[in-house]
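For reference, the structure discussed in these notes is given below.
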Amino acid sequence: MRWIVVDGIDGSGKTTHALWIKEYYQKKGESTLIYFHPSEKIPGKISKVALKKSGRMMQLVAAVFFIFDVLCSLKSMKRESKRYDNIVFVRYLMATAYLPERFVDSGYNFFRKLLPIPERLLLIDIDPVIAYTRITARQEEIEMFEALDQLEKIRKRMLALAKNNWCVIDNSCCDEESVKQLTEILERWDREK
């Protein structure tokens, strides 16, 4: 089973890329299961509610329940790994970039040691202005980290964390270019394993 993580700031195109990955492997006759975080499970729903609020306490609630949500997905992944050729997590390790500045590096390193980490890590990068435009076009309530200044700050943190096994896709361009970048990465990963 291949395990792929797709991370990035809000509005970067994580869901779109996860669906492209599913389509890529579907064309090869392979099955793919996608886990979205926060999910529709109880911890994910609590995290989503907290993200619509403001303040440090709600930030902590969102983070704690996000972690519980991911742990539920990891448990589920263990069961489902025999049924699927590929499993994709949308949001995982880069969620640490949403922590207060002083905890970002230590949180990232802590979770890299604590959680299982796949070899296939994909960061979808985008200009924060484009991401913000996409978010506001949804005409949904803006979450605490979806303001333009937050997107800029979190993107900077994610790019600083994206070392070692991370592959970065520039999604500020057209879909065709993003698909091309993604396909090249998937083909390279498939050749390596």
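We did not get these values from a lab; they are worked out from the coordinates using the rules stated. What you are looking at is a predicted structure, and each value in this text was computed from that prediction instead of being measured. Note that we place each Cβ from the backbone using ideal geometry, even for glycine, and neighbour counts take in every protein chain shown.
Dipole check for the chain: with +1 at the C-beta of Lys and Arg, -1 at the C-beta of Asp and Glu, and the Cα centre as origin, the magnitude is about 900 Debye.
The residues neighbouring residue 7, those whose beta-carbon lies less than 9 Å from its own, together hold a net charge of +2 under the Lys/Arg +1, Asp/Glu -1 convention. The spread of Cα positions in the chain, taken along each principal axis and listed from longest to shortest, comes to 46, 37, 31 Å.
Placing +1 on each Lys and Arg Cβ and -1 on each Asp and Glu Cβ, with no other charges, gives region 59-108 a dipole about its Cα centre of roughly 300 debye. When the charge dipole of the chain is built from unit charges on Cβ atoms (+1 for Lys and Arg, -1 for Asp and Glu) and taken about the Cα centre, the candidate among 47, 173, 150 whose Cα reaches farthest toward its positive end is 47.
The phi torsions of region 113-125, fed into the Karplus equation with coefficients 6.51, -1.76 and 1.60 and a -60° offset, translate into couplings of 7, 7, 9, x, 10, x, 7, 9, 10, 10, 9, 8, 9 Hz, rounded to whole numbers, with Gly and Pro shown as x. Quick check: net charge around residue 68, other residues with Cβ under 12 Å of its Cβ, Lys/Arg +1 and Asp/Glu -1? In short, +2. With axes computed from alpha carbons, what is the tilt in degrees of helix 42-51 against the longest principal axis of the chain, rounded to the nearest 10 within 0 to 90? Between helix and principal axis, roughly 50 degrees. Extension gain for the segment residue 54 to residue 103, taken as residue separation times 0.36 nm less the Cα-Cα distance, is 15.8 nm to one decimal.
Between 1, 96, 32, the Cα set farthest toward the positive side of the dipole of the chain (charges on each charged residue's Cβ, about the Cα centre) is that of 1. Each of 31, 54, 178 was scored by other Cβ atoms within 10 Å of its Cβ. Arranged with the fewest first, they read 54, 31, 178.
When all alpha carbon pairs of region 1-84 are counted in 5 Å bins from zero, the resulting P(r) reads 3, 14, 19, 21, 20, 12, 6, 3, 1, 0 %.
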